[in-house]
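Peer 1: For reference, the structure I am asking about is given below.
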Amino acid sequence: MASLTHKHSHTHTHAFDGTQIKDEAFVEDINNILNAGEVPNMFPNDEKSAVIEMVRPIAAKQGLKLETPLELWAFFTKRCREMLHVSLCFSPIGGAFRDRLRQYEPQSLP
């Protein structure tokens, strides 16, 4: 996360496969990342405030006049969407793949 807040950041790609899923809640989190670009309530308020303060100077250097925490958080999540790529891979063999397909329908990001 810290590297996403630096001005000279590079894109990151994470690949997950079905064998890495130990708890179905993990699939829900990845689904949220893929569909919305973030996991709701992932950060406690104190950590969220720290992230907001880390991105404030980056936004200012880009010429953005973002003042409110909501604007700065939106800037951070947009930057995460641009720089973080997630690939979710499942084996088509077995019922788990079919069940997960029915649960998590693809959506496009705005």
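The values are calculated or read from the model by the stated rules, or taken from the named source; none is laboratory data. Here the structure is a predicted model, which is why all the values come from computation and not from measurement. Glycine gets a Cβ as well: all are built from the backbone with ideal geometry, and neighbour counts include every protein chain shown.
Peer 1: Please name all residue pairs, on different chains or six or more residues apart, with Cβ atoms under 9 Å, provided the first residue is in region 15-26 and is more than 10 Å from residue 88 (Cβ to Cβ) and the second residue is basic (Lys, Arg) and in a helix (DSSP H, G or I).
Peer 2: 24/100
Peer 1: Name the one entry in 66, 72 that is surrounded by 15 or more Cβ atoms within 10 Å (Cβ to Cβ), over 16 Å from the mean Cα position of the chain (by Cα) and over 22 Å from residue 22 (Cα atoms).
Peer 2: After applying the criteria, what remains is 66.
Peer 1: Any residue at all in region 13-32 that's among the basic types (Lys, Arg), exposed (fewer than 12 other Cβ atoms within 10 Å of the Cβ) and out of contact with any helix residue (DSSP H, G or I) (no Cβ under 6 Å at 6 or more places or on another chain)?
Peer 2: yes
Peer 1: Identify, by number, the condition in (1) part of a loop (DSSP other than H, G, I, E, B); (2) in contact (Cβ under 8 Å) with a residue 40 or more places away in the chain; (3) surrounded by fewer than 14 Cβ atoms within 10 Å (Cβ to Cβ) that residue 41 doesn't meet.
Peer 2: Result: residue 41 fails condition (2) only.
Peer 1: Kindly indicate which of 35, 41, 31 is at positive phi and either under 14 Å from the mean Cα position of the chain (by Cα) or modelled with pLDDT under 85 (or both).
Peer 2: Being at positive phi and either under 14 Å from the mean Cα position of the chain (by Cα) or modelled with pLDDT under 85 (or both) holds for just one of 35, 41, 31, which is 41.
Peer 1: Go through region 75-98 and give me each residue that's aliphatic (A, V, I, L, M) and under 9 Å from the mean Cα position of the chain (by Cα).
Peer 2: Correct list: 84, 86.
Peer 1: In this structure, does residue 49 turn out to be at pLDDT below 85 and either aromatic (Phe, Trp, Tyr) or more than 30 Å from residue 103 (Cβ to Cβ) (or both)?
Peer 2: No, not satisfied.
Peer 1: For region 34-79, which residues satisfy the criterion of being of a type in the set (D, E, K, R) and within 18 Å of residue 12 (Cβ to Cβ)?
Peer 2: Of everything in region 34-79, those that are of a type in the set (D, E, K, R) and within 18 Å of residue 12 (Cβ to Cβ) turn out to be 38, 78, 79.
Peer 1: Of all residues in region 79-99 being closer than 30 Å to residue 57 by Cβ and of a type in the set (Lys, Arg), which is modelled with the lowest pLDDT?
Peer 2: Ranking the candidates gives 81 first.
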